[in-house]
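Asks: Structure below; questions to follow.
A short reminder: the numbers here are calculations on the coordinates, not readings from a lab. Please read these numbers as outputs of a predicted model, since none were measured by experiment. Note: ideal-geometry Cβ built from the backbone for every residue, glycine included; neighbour counts use all protein chains shown.
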Amino acid sequence: RVIHLADYQVPDYLIDETHLSFDLHEDHTLVQARLVMRRNPAAGDGLPVLMLDGQDLELLSVVLDGKPFLDYQLDEDHLSLQPNAEAFTLETQVRIHPESNTALEGLYQSGSMFCTQCEAEGFRKITYYLDRPDVMSLFTTKVKGERKRYPVLLSNGNPIAQGEEGSRHWVTWEDPFKKPAYLFALVAGDLWCVEDSFTTCSGRKVALRIYVEPENIDKCQHAMDSLKKSMRWDEEVYGREYDLDIFMIVAVNDFNMGAMENKGLNIFNSSAVLAKAETATDAAHQRVEAIVAHEYFHNWSGNRVTCRDWFQLSLKEGFTVFRDAAFSADMNSATVKRIEDVAFLRTHQFAEDAGPMAHAVRPESFIEISNFYTLTVYEKGSEVVGMLHTLLGPKAFRKGTDLYFERHDGQAVTCDDFVKAMEDSSGLDLTQFKRWYSQAGTPRLAVTGQYDAQTKTYTLNFSQSCPATPGQPEKLPFVIPVALGLLDAQGQELPLHLAGESAPRGGHAVFSIDQAEQSLVFINIPEEPVPSLLRGFSAPIKLSFPYTQDQLLFLMQQDSDGFNRWEAGQQLAVQSLQTMIAQVQRKETPILNQRLIQAYDALLQDTSLDQAMLAEMLNLPAEAYLAEIATVADPLAIHAARQAARQAIAEALFDSLWLRYQHNREVSRQTPYVAESEHFARRALQNAALSYLMLTERPEVLAACLVQFQTADNMTERFAALAALVQSPFEAERETALADFAHEFKDNPLVMDQWFSVQATSPLARALERVQSLMGHSAFTLKNPNKVRALIGAFAGQNHAGFHRVDGAGYRFLADRVIELNGSNPQIAARQLTPLTKWRKYAPERQQQMKAELERILNSGNLSPDVYEVVTKSLA
Ligand code: ARG
Ligand code: ZN
């Protein structure tokens, strides 16, 4: 069944109060709901039939205004009845089975605890309800369970009562803020907590608690620090103060996504909370900081102001990703954060835009909303908010967010409401800009430059287009903010003086390109400049400019925009790698461009350069990115070419790399682990160098790698050494390291996830066989989403050579796993499908093989809506 945005109607009824009571047992749970309801005055006259959502519920009783009520209808997804008054109270009792809920949606058990995941439509698996975000209600929740098993009983808001009943006990929670059902949460378990407090800008003291299973109590401090930083940052940067007396985070091992912003009770995948030096890498520490911030920021962008319907998902997600990215940029290196985000967007979101699941930031229709928690809604959505920030400038943007929060506090609104607040704060007309919300696909912007020495003018010609996407054959021009500078031969920015304007705009400015063809004429340009275009990646587009190699090398060394220095290096590397890919395809020896090597050497000599930035600049474009930009992707040739390039760099720059490695390793050895940006930077360069150096197979490098693996006091260094060993031909050392590591960390599931991934992504031969045998490892289970992602997701999504092996065994393997997961966890099954949906990217033979697997899934019977939607759209 397809749901369309165009069919939106306001709800017929409202629920002013929701009183829930849970009785938790090992073999079932009883849920009572008392809903204080009334006719929605905005919905018209009469008393239509009330249709409550409900799935997999065993209905035990219905009481209407205090009297048992029997005249109701039930179908698979609804309880329907005819109310007899404008206002009424409806009570239901249902029995549910969290203990056998493998989909991890609604109320379920993870290990020995109970927890919930209600976004988007999980609440209907808990009780009959109007499960839509524009129905906002005041909740009280009584949770009752066995005291010994579940000493901790949590829900949203503040605890207001508790009591004992024999071996059982109960706690009642009250949430003073109206919220939609998707923000409901309940947790019960034997949990310990780390406690702290935060005093808000107005002087209120908020209790902060992070609840975890006892063995993880030593891994909460980093998340707590991140939470306090987030709370302060949101006050300072957005003027947003926290609103309850208590803020709780709970870590759960079995969780479909990263985390969830339930009001006052965030529930997290344990991988997004737990971090300490000995068991989590720098990347994991940064991910925890970012996700803690993201969920916390949702308290305003999502909870206080929520979405009218799920088509508006990017209203809260795009905005909140934009907010968490700005936070991370402030906490760490802003340029490196931008580089990472852009590389991710261009590799994965651009691929989504180019594939069968392409959709607008605000989609028009869907079958299963869970499939639309996408890179487009999140990451491209964040870029759209970022473009508003760029076009309005920081001041008007902040005025706009203030206005948005004030105007819509307590409401469920749309992306149009957000843009309207931006229009009202800035005076800009954003009508055309809104095409970013409705048109799918990645716009192309072809740019050329023309210098006229006679008139001393420089003209930039822009030509924009956007490829067709499913259901959208034609696109209208976007508003593309292009941040740019024009550099003279010394690398200095020339004043940007547009013909017809009275004064120059400075050396760096943003120009709005909003027509299919458009030119900018700059006057008083004394010499032919090198343009630095789309600085900071000011729009999520594919820009092309016919740079010469000399110009790219110049930008790589000279641009004052750090992002564009990296970007110039990437473009040079892409050009060279594309040549090498063609050489591999012709069975010639692939030769890396010497000038790229020289440029890398110059970077390595420059000790003033930020080390994290240097590590990024030395990192060649990923195989997935090379596949994305190829017309026909040849994964084996891409892999061979990139490996050859890495090898050539390692050999040519051995001495410089070895020097930088040894120096940084020595500092790391003498420094206790600190999760802060300068330390991240040092280790990033150290480990990037190690990874190159190991390709030379020199004995002194192997020895250093083994020492780092065996003696480092932190996971960042240990894991980097392990990864380098796993990709090396030193079989004995590799296998010993893997076995030692597994032995040491067998009781830490998050570290074991890393151990699975590092093998799944290894480019060595027989990767598939290794993955298959690892599925039998005692630490592996298909029931845990993190394990599925660590082994199966990592193999199919990141090991291009292994997954795309010519006999098609990689495709068959993935399809088998999807068919299995479809029955137990549809959300995870649908996500694992992504690599197969890209079949059009490959040559005919692979296309046939991949399509055949999609068809096999389609015909495997009894598909969940999640898998059905992805498979059918991919084959369409
Ligand atoms: N709102 C959560 C976030 O912070 C994600 C929840 C996704 N849930 C789902 N069933 N798809 O991004
Ligand atoms: Zn979110």
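Asks: For the range 73-116, run through the GluC sites (Glu not before Pro) and keep only the ones in DSSP coil with at most 12 other Cβ atoms within 10 Å of their Cβ.
Replies: Listed in order of number, the matching sites are E76, E86.
Asks: Can you list the HN-Hα couplings for the range 544-561, worked out from phi with the Karplus curve (6.51, -1.76, 1.60; θ = phi - 60°), rounded to whole Hz and with x for Gly and Pro?
Replies: 10, 9, x, 5, 7, 4, 4, 5, 5, 4, 4, 4, 4, 8, 10, 4, 6, 8
Asks: If you average the alpha carbon positions of the range 1-28 and of the range 811-825, how far apart do those two centres end up, in angstrom?
Replies: Centre-to-centre distance over Cα atoms comes out at 30 Å.
Asks: While we're looking at this one, here's another question. Would you mind working out the magnitude of the charge dipole of the chain relative to its Cα centre, with +1 at each Lys and Arg C-beta and -1 at each Asp and Glu C-beta, to the nearest 20 Debye?
Replies: 940 debye
Asks: Show me, for the range 22-32, the HN-Hα J-couplings you get by feeding each phi into the Karplus relation (A = 6.51, B = -1.76, C = 1.60, θ = phi - 60°), rounded to Hz, glycine and proline as x.
Replies: 10, 10, 8, 10, 6, 10, 5, 9, 9, 10, 9
Asks: Which loop-located trypsin sites (Lys or Arg not before Pro) does the range 1-81 contain, where loop means any DSSP state but H, G, I, E or B and the Cβ has at most 16 other Cβ atoms within 10 Å?
Replies: R1
Asks: Taking only the alpha carbons of the range 148-291, what extent do you get along each of the three principal axes, in Å, biggest first?
Replies: Sorted largest first, the three principal extents are 47, 37, 26 Å.
Asks: Taking amide H atoms as placed 1.01 Å from N in the peptide plane, list the residues 5 or more away in sequence, or in a different chain, whose amide H sits under 5 Å from that of S137.
Replies: K179
Asks: In the P(r) worked out for the range 366-512, what percent of Cα pairs fall beyond 19 Å?
Replies: 65 percent
Asks: How high is the relative contact order of the range 356-484, in percent, counting Cα pairs under 8 Å that sit 6 or more residues apart?
Replies: In percent, rounded to a whole number, it is 28.
Asks: Quick check: net charge around S382, other residues with Cβ under 10 Å of its Cβ, Lys/Arg +1 and Asp/Glu -1?
Replies: -3
Asks: Mind checking which of G536, Q558, P546 is farthest towards the positive end of the range 523-566's charge dipole, using Cβ charges of +1 (Lys, Arg) and -1 (Asp, Glu) about the Cα centre?
Replies: Towards the positive end, the residue furthest out is G536.
Asks: Under the Kirkwood approximation applied to all pairs of distinct alpha-carbon atoms, what is the hydrodynamic radius of the chain in Å?
Replies: It is 29.0 Å.
Asks: Also, quick follow-up: Roughly speaking, what is the stretch gain from D713 to R812, that is 0.36 nm per residue apart minus the C-alpha to C-alpha distance, in nm to one decimal?
Replies: Details: separation 99, 0.36 × 99 = 35.64 nm, distance 4.09 nm.
This chain segment gains 31.6 nm when fully extended.
Asks: Treating only the Cβ of Lys, Arg, Asp and Glu as charged (+1, +1, -1, -1), what charge dipole size does the range 362-401 show about its Cα centre? Round to the nearest 20 debye.
Replies: It comes to approximately 380 debye.
Asks: Quick one: which of 239-252, 8-21 comes out on top by average Cβ neighbours within 10 Å, and what's the full order, highest first?
Replies: Packing proxy ranking, top to bottom: 239-252, 8-21.
Asks: Shifting gears a bit: What does the convex hull of the Cα atoms come to per residue for the range 814-876, in Å³?
Replies: Values: hull volume 4.1 nm³, N = 63.
Taking only Cα atoms, the range 814-876 has a hull volume of 65 Å³ per residue.
Asks: Report, for the chain, the % of DSSP beta bridges that are antiparallel, rounded to 5.
Replies: 80 percent
Asks: Over the range 508-574, what portion of Cα pair distances is larger than 14 Å, expressed as a whole percent?
Replies: Within the range 508-574, distances greater than 14 Å cover 64 percent of Cα pairs.
Asks: On to the next question. In whole Å, what is the distance between the alpha-carbon centres of the range 491-523 and the range 744-772?
Replies: That distance is 52 Å.
Asks: Which angle between 0 and 90 degrees, to the nearest 10, do you get for helix 809-824 versus the longest principal axis of the chain when only C-alpha atoms count?
Replies: Between the helix axis and the principal axis of the chain, the angle is about 20 degrees.
Asks: Now for a different question. Can you order the peptides 450-457, 714-721 by their average number of other Cβ atoms within 10 Å per residue, highest first?
Replies: The packing order, highest mean first, is 714-721, 450-457.
Asks: With n ≥ 4 as the cut-off for DSSP H runs, can you work out [θ] at 222 nm for the chain, using -39500 (n - 2.57) per run divided by the number of residues, rounded to the nearest 500? Intermediate results must be reported in sequence, preceding the final value.
Replies: On the way: 29 runs with 350 residues, N = 876.
Result for the chain: -12500 deg cm²/dmol, rounded to the nearest 500.
Asks: Further, regarding this structure: Could you list the square roots of 5 times each eigenvalue of the Cα gyration tensor of the range 574-708, that is, the equivalent ellipsoid semi-axes, sorted largest first and rounded to whole Å?
Replies: 29, 16, 14
Asks: Once phi is turned into θ = phi - 60°, what whole-Hz ³J(HN,Hα) does the Karplus curve with 6.51, -1.76 and 1.60 give for every residue of the range 212-225, x standing for Gly and Pro?
Replies: Ordered by residue, 3J(HN,Hα) equals 9, 5, x, 5, 9, 4, 8, 10, 9, 4, 5, 5, 5, 4 Hz.
Asks: Could you work out how far the C-alpha centroid of the range 275-304 sits from that of the range 575-592, in angstrom?
Replies: 41 Å
Asks: Can you give the Rg and Dmax of the range 2-56 based on its C-alpha atoms, in angstrom?
Replies: Calculated on Cα positions, Rg and Dmax stand at 15.5, 46 Å.
Asks: Right, something else. Taking amide H positions as placed 1.01 Å from N in the peptide plane, with prolines and chain starts having none, which residues 5 or more places from N158, or on another chain, fall under 5 Å of its amide H?
Replies: E174, D175
Asks: Continuing with this model, one more query. When you count, for each residue, the other Cβ atoms within 10 Å and take the mean per peptide, how do 550-556, 298-304, 66-72 rank with the highest first? Let's see the in-between values first.
Replies: Working: 550-556: 19.3, 298-304: 23.9, 66-72: 11.1.
Those peptides, ordered most packed to least, come out 298-304, 550-556, 66-72.
Asks: In addition: Along its principal axes, what span do the Cα atoms of the range 1-100 show, with the longest given first and each in whole Å?
Replies: 45, 36, 23
Asks: Follow-up question, since we're still on this one. Dipole size in debye (nearest 20) for the range 665-715 around its Cα centre, Lys and Arg Cβ +1, Asp and Glu Cβ -1?
Replies: Roughly 40 debye for the range 665-715.
Asks: Filter the cross-link list K229/K395; K142/K205; K179/K263; K178/K263; K787/K838 down to pairs whose alpha-carbon distance in this structure exceeds 19 Å.
Replies: K229/K395; K142/K205; K787/K838, as the Cα separations exceed 19 Å there.
Asks: Under a Cβ-Cβ cut-off of 15 Å, what is the net charge of the residues other than E517 that fall near it, where Lys and Arg count +1 and Asp and Glu count -1? Numbers along the way, then the final one.
Replies: Values: positive: R444, K475; negative: D514.
For residues surrounding E517, the net value is +1.
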